[in-house]
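Each remark here refers to the structure printed beneath this line.
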Amino acid sequence: MTGLPGFLMVHQVTIEAYQGDSAYGPRWAPPTAVRCFLDEGTRMVRARDGREVSSTSTAYCPLTTTAPTDSRVTLPDGRQATVIQALRRDGGTLPVPSHLEVQLT
């Protein structure tokens with residue numbers, strides 16, 4: 001299996017990939033619409049710096065999605081969230097769905 005099955009990709013989010021800081025503040029890439037499966041539920045996750053933070057939703061996206069930490073994500077209901085971390089779940093040649101797990105604030 002190469003990726004998440006199409007019938008699971010029932011949601012669409014808009015991702016503005018974080019590109020770093022400039023002299024005028026943070027910079028983001030142009031918005032990109034991404035089909036995904038959005039799991040809304042609060043849970044504790046560990047951020048890259050080791051802190052435990054509360055994640056309000058998780059988006060399961062195609063593995064080719066670009067969503068670095070601190071990217072802005074607009075959810076289907078219009079709420080804005082920030083990427084805590086994006087975890088590559090690449091099954092390689094195993095018969096499991098490869099995807100990018102995007103944990104959101």
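Read the figures in this text as sums done on the coordinates, not as results from a lab. Just so we're clear, the structure is a prediction, and the values are computed from it rather than from any experiment. A quick note on method: Cβ atoms are made from the backbone with ideal geometry, for glycine too, and the neighbour counts reach across all protein chains shown.
With one equal scatterer per alpha carbon and no solvent term, the Debye-computed log10 I(q)/I(0) for the chain at 0.17, 0.24 1/Å reads -0.78, -1.34.
Whole Å is fine, so just give me how far the alpha carbon centre of segment 1-37 lies from that of segment 38-96. Centre-to-centre distance over Cα atoms comes out at 10 Å. Phi angles of segment 3-9 translate, via the Karplus equation with coefficients 6.51, -1.76, 1.60 and θ = phi - 60°, into HN-Hα couplings of x, 5, x, x, 5, 7, 7 Hz per residue; Gly and Pro are given as x. Classified by the C-alpha gyration tensor, segment 45-105 has an oblate form. Its axis ratio a/c, with a ≥ b ≥ c, is 1.5 or above, and a/b does not exceed b/c. With a Förster radius of 22 Å applied to the C-beta separation of ARG35 and THR56, the computed FRET efficiency comes to 0.65. Loop-located trypsin sites (Lys or Arg not before Pro) across segment 1-71 with a Cβ neighbour count of 12 or fewer within 10 Å are ARG48, ARG51, with loop assigned by DSSP. Rounded to the nearest whole Hz, the Karplus-based 3J(HN,Hα) values (6.51 cos²θ - 1.76 cosθ + 1.60, θ = phi - 60°) of segment 60-77 follow the sequence 9, 10, x, 4, 7, 5, 9, 8, x, 3, 6, 5, 9, 10, 9, 7, x, 8, with x at glycine and proline. FRET efficiency for the pair GLN12 and ASP49, taken as 1/(1 + (r/R0)^6) with r the Cβ-Cβ distance and R0 = 25 Å, rounds to 0.25. For segment 1-74, the set of chymotrypsin sites (Phe, Trp or Tyr not before Pro) satisfying both a DSSP loop assignment and a count of at most 14 other C-beta atoms within 10 Å is given as TYR24. Look at the alpha carbon pairs under 8 Å that are at least 6 residues apart: their mean separation over the length of the chain gives a relative contact order of 30 percent.
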